[in-house]
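The numbers here are math on the coordinates, done by the rules we state, and not lab data. Here the structure is a predicted model, which is why all the values come from computation and not from measurement. Virtual Cβ from ideal backbone geometry, glycine too; neighbours counted across all protein chains shown.
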């Protein structure tokens, strides 16, 4: 019975990439507690990552890129926690760059009454913040990448080379040792340029991104001021990555 449930859960994960406890309960006709125990077992075996209300498929090599719309559903509590920490690092009057991502997209929610100059190449972030009178916004244009709803390419790079910011917040698909990785080299190249043009550099990543890697390495942890992460990162992982930079 247990093995059969595990097989069906993994089949559903392969099909959808993301499963909810409620849907699995209906599919398998068992209790919430049974599903949660199954997800714990499968997470221990390395097949998935549990999130609030369900689980998503664990992709250690990062070759399968999850879309912006799909990422919105993942690790929501951790993302809010990280966004608050990022907002605490921002001062009134700062000029900042916010990179694309569903975690970085929440930073503006916690800036309260701070007046901030914000540069971004993310269309969702621009759309979310454009009507706030406290923010002076600059959207970096270029070739539109639908998967992440981000502007990339040579036009974006040319503009980013000319921009200087006090602080930058960049997401990552995976952090493996000192390597900061992403699923797309064009996004990575743009992120690297603005990181080099910032006074303070922060990588934004929830606990599931550590000891994981994606397709393209675009920066080194040794060269950033800190990783902003959630409080659910293990002490072992925190200690390991403190050898490269601050873990906030």
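Would you mind estimating how fast region 137-193 diffuses translationally, via Stokes-Einstein at 37 °C and 0.692 mPa s with the Kirkwood radius over Cα pairs, in µm²/s? Stokes-Einstein gives a translational diffusion coefficient of 268 µm²/s.
What is the extension gain from residue 84 to residue 163, computed as 0.36 nm multiplied by their sequence separation minus the C-alpha to C-alpha distance, in nm to one decimal? List each step's numbers first, then the result.
Details: separation 79, 0.36 × 79 = 28.44 nm, distance 2.52 nm.
Result: 25.9 nm gained on full extension.
Can you give me the relative contact order of region 152-248 as a percent, contacts being Cα pairs under 8 Å and 6 or more apart? Let's see the in-between values first.
On the way: 182 pairs, mean separation 29.0, N = 97.
Value for region 152-248: 30 percent.
Of the residues 16, 172, 198, the one that moves most in a GNM of the chain with alpha-carbon contacts below 10 Å is 16. Rounded to the nearest 10 degrees, the angle from helix 185-196 to the longest Cα principal axis of the chain is 50 degrees.
Computed from Cα atoms alone, the Kirkwood hydrodynamic radius reported for the chain is 18.8 Å.
Over the Cα atoms of region 2-58, compute the convex hull volume and normalise it per residue, giving Å³. List each step's numbers first, then the result.
Working: hull volume 3.7 nm³, N = 57.
Hull volume normalised by residue count: 65 Å³.
Across the chain, C-alpha contacts under 8 Å between residues 6 or more apart give a mean separation that, scaled by the residue count, equals a relative contact order of 16 percent.
With 0.36 nm allotted per residue and the present C-alpha distance subtracted, the residue 25-residue 117 stretch has 28.4 nm of extension available.
Going from the fewest other Cβ atoms within 10 Å to the most, the residues 213, 110 appear in the order 110, 213.
Tilt of helix 76-88 relative to the longest C-alpha principal axis of the chain, in degrees (0 to 90, nearest 10)? Relative to the chain, helix 76-88 is tipped by roughly 20 degrees. Could you work out how far helix 2-16 tilts from the main Cα principal axis of the chain, as a 0 to 90 degree angle to the nearest 10? Here the helix axis deviates by roughly 30 degrees.
Residues considered: 187, 43, 112. Largest GNM mean-square fluctuation over the chain, using C-alpha springs under 10 Å, is found at 112.
Projected label points at residue 178 and residue 242, each 7 Å from Cα along the beta carbon direction, are separated by 2.0 nanometres.
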